[in-house]
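Beneath this line is the structure, given in structure tokens, with notes to follow.
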Amino acid sequence: MNVFNHFTRILHHVIGDLVAAGDLPEGLDLGPVAVEPPRDPAHGDIATNAALVLARPAGQNPRAIAQMIAAALEARDELSEVTVAGPGFINMRLTQDFLRARVPEILTAGTAYGDSAMGRGERVNVEYVSANPTGPMHVGHCRGAVFGDALAALLEKAGYEVLREYYINDAGAQVDVLARSAYLRYREALGEDIGEIPEGLYPGDYLKPVGEHLRDEFGDGLRDKPEEEWLPVVRNIAVHEMMRLIKGDLQALGITHDVFFSERTLHETGRVEAALDHLKGKGLLYTGVLEPPKGKKPEDWEPRPQLLFKATEFGDDVDRPVQKSDGSWTYFAADVAYHWDKIERGYKHLIDVLGADHGGYVKRMQAAVKALSGGAADLDVKICQLVKLYRGGEPYKMSKRAGSFVTLRDVVDEVGKDVVRFIMLTRKNDAPLDFDFARVTEQSRDNPVFYVQYAHARAASVMRKAAGAFPGADFSDKALAGADLSALDAADEMALIRTLAGWPRLVESAAAAHEPHRVAFYLYDLAHEFHALWNRGNDDPSLRFLIEEDEATTRARLALTRAVATVIASGLMVLGVEPVDELN
């Protein structure tokens, strides 16, 4: 149960009764009515602004409306207290019995607790990673990969139908550079001394296996051919091998995409021209001359006619060129065609997860999606800021294998995928993130992944000890769901249950905001409350989870323990992290 949705329905029913009784006018818009936690927990468990937002359309005093609503709510069995505060806020306090009932609900649902129908099965296309296929993934790609994958899982938990997509940038100058770099390694594999890698080519050792692959397949048959003959052959093989490398890196992170979409197919099948014809048919393309770039004008800048998209009609700062003066398409034109393809596949909700250098991409693509879909589709672009690597506070050195950067595989191989995934979600995506190899592996409260995993492992340890202390007792989730929970009456126990009961709301709010980092924050707070509850038994044996002479109290506390472990596991599943029952 989402407690807040439950009381939203109750509130709507109460307001409906007041309308039927003639105390409120008909036709009130209940959309702005919110039910949420109060800013100050001391005021209660739930608060609503209903009276404040209904006062003006109802033509009544907000406090008077609040008093009427509060009087009706006081009869609810779920509430122990209803108060009106300030100009008309209504604060509610839940009964202990209502809160305790959430524990067996969690145990019955298992890790499906928190699943929501909010998305109503609507289809969402989440495109993430989309690294150029020119080498292994680096740690910057890692953050976008984890963010996108966790966001996709979060949206699925909230009831959306999600497609995970990777856009392969296999057209353009960078893949020609890749082909020339691979061809150089091919000559090296044939025994040539290639010397230093020329400026402008990719220097990493990761291309040596590609050169050996070309040698094994073609022998020396490509060596004496002109570039126009060997380039397309080498390019196709190099891109294929790089994508195989990238997919392996992603699998190391536990990431699998549903679709790998090739940019080149857009050009080869005429999809770029078709997308632009679609815009042209709407009168959204014209030949014009752009203003020079803001600031200092480049020496080689000259005004020249270009085919432009009327991006400013859809919220962009300037109109955007889709064709260069030499007649070739711009990168933006291919991006337009790609997003049109998504829309034509039936996706009205699009999410692009991009790196820190794509800030200028947001407005132009949102404008394009509005124009292409006639406003029927929406695009949310999530920018993932840079990750800085440290070891014991000192900047981490570059990877020799990659040539110029730290690879994703370097990081995963050293600390494990679960640590990487969790830490990448401990900051909001648009905030820089520091990743210290020493800190993320230490066993302390300052290391959030350890702290959360320790809570799950501690819960498992409690259950193992309970099995030994009460031989033959049934401590399964099904059995504990039927336990008498009246022994759970301490303030910190009830606070912990309140936090558990907030998980369904957290899922919905995080999904609506496209912010999976909220799950990591929630899990840390939940772990902190659980550890604090466990630690109180160090000072007072009567507060321990296991009391051998009192099985009834033990069963109640074990039910709460299992509820905590279940919600932690549910949250870790969203993050793509495996919960552990024991720590090394």
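Describe numerically, in nm with one decimal, the distance between label points set 7 Å from Cα along Cα→Cβ at MET494 and at ILE194.
Label at MET494, label at ILE194, 7.1 nm between them.
Give, in nm to one decimal, the length gained when the segment between GLN443 and VAL580 is fully stretched (0.36 nm per residue of separation minus the Cα-Cα distance).
47.9 nm
Over the range 444-575, what is the relative contact order in percent, taking alpha-carbon pairs closer than 8 angstrom and at least six residues apart?
About 41 percent, as a whole number.
Rounded, prolate or oblate: which one fits the range 277-384, using the alpha carbon gyration tensor with axes a ≥ b ≥ c (rounded when a/c is under 1.5, else prolate when a/b beats b/c, else oblate)?
oblate
Which cross-chain or sequence-distant (5 or more) residues have an amide H under 5 Å from the amide H of TYR390, H modelled 1.01 Å from N in plane?
TYR396, PHE435, ASP436, PHE437
Relative to the compact-globule scaling 2.2 N^0.38 Å, provide the ratio for the alpha-carbon radius of gyration of the range 150-281.
The reported ratio for this selection is 1.33.
Within 10 Å of each residue's Cβ, count the other Cβ atoms and sort LYS348, LYS478 from fewest upward.
Placing the least packed residue first, the sequence is LYS478, LYS348.
In nanometres, what is the gap between the two model label sites at ARG544 and ALA467, each 7 Å from Cα along Cα-to-Cβ?
2.0 nm
Helix 491-501 sits at what angle to the longest principal axis of the chain, using alpha carbons and giving 0 to 90 degrees rounded to 10?
Roughly 50 degrees, rounded to the nearest 10.
Short version: ³J(HN,Hα) in whole Hz for each residue of the range 459-466, in order, from phi by Karplus 6.51 cos²θ - 1.76 cosθ + 1.60 (θ = phi - 60°), x for Gly and Pro, what are they?
4, 5, 5, 4, 5, 5, 5, 5
Mind sorting GLU81, GLU529 by how few other Cβ atoms lie within 10 Å of their own Cβ, fewest first?
So the residues, fewest neighbours to most, are GLU81, GLU529.
Can you tell me the 0 to 90 degree angle between the C-alpha axis of helix 227-252 and the longest principal axis of the chain, rounded to 10?
Computed tilt is about 20 degrees.
How would you rank 168-175, 488-495, 470-477, highest first, on the average number of other Cβ atoms within 10 Å across their residues?
168-175, 488-495, 470-477
I'd like the antiparallel share, as a percent to the nearest 5, of DSSP beta bridges with both residues in the chain.
Looking only at bridges with both residues in the chain, the antiparallel portion is about 50 percent.
So for each of 60-70, 260-270 I average, over its residues, the number of other beta carbons within 10 Å; can you give me the resulting order with the highest mean first?
60-70, 260-270
Give the order of MET243, MET92 when sorted by the count of other beta carbons within 10 angstrom, beginning with the fewest.
Arranged by neighbour count, lowest to highest, MET243, MET92 become MET243, MET92.
Report which label in (i) -0.53, -0.86; (ii) -0.58, -1.01; (iii) -0.43, -0.85 holds the value of log10 I(q)/I(0) by the Debye sum over Cα atoms at q = 0.07, 0.10 Å⁻¹ derived from the coordinates of this structure.
Looking at log10 I(q)/I(0) by the Debye sum over Cα atoms at q = 0.07, 0.10 Å⁻¹ for this model, the match is (ii).
Name the shape class, rounded, prolate or oblate, that the alpha-carbon gyration tensor gives for the range 413-475, where a ≥ b ≥ c are the square roots of its eigenvalues, rounded holds for a/c under 1.5, and otherwise prolate holds if a/b is larger than b/c and oblate otherwise.
Here the range 413-475 falls in the prolate category.
What FRET efficiency, computed as 1/(1 + (r/R0)^6) with R0 = 35 Å and r the Cβ-Cβ distance, is obtained for ASP216 and TYR286, rounded to the nearest 0.05?
The formula returns an efficiency of 0.10 here.
Helix 139-157 versus the longest principal axis of the chain: what angle, 0 to 90°, nearest 10, using Cα atoms?
Here the helix axis deviates by roughly 50 degrees.
Could you give me the percent of Cα pairs per 10 Å distance bin for the range 226-301, shortest bin first, beginning at zero and ending with the bin that holds the maximum distance?
13, 21, 23, 30, 12
Is the shape of the range 430-509 rounded, prolate or oblate, going by the alpha carbon gyration tensor and its root eigenvalues a ≥ b ≥ c, with a/c under 1.5 for rounded and a/b larger than b/c for prolate?
Oblate shape, in that a/c is at least 1.5 and b/c is the bigger or equal ratio.
Non-local amide H neighbours of LYS382 (under 5 Å, H modeled in plane, Pro and chain starts lacking H): which ones?
ASP352, VAL353, LEU354
Return the whole-Å distance between the Cα centroid of the range 425-464 and the Cα centroid of the range 501-577.
Distance between centres, Cα-based: 15 Å.
Values in this text are rule-based calculations from the coordinates and carry no lab data. A quick note: this is a predicted structure, and the numbers were derived from the prediction, not measured. Methodologically, a virtual Cβ is constructed for each residue, glycine included, from the backbone with ideal geometry; neighbour enumeration extends over all protein chains shown.
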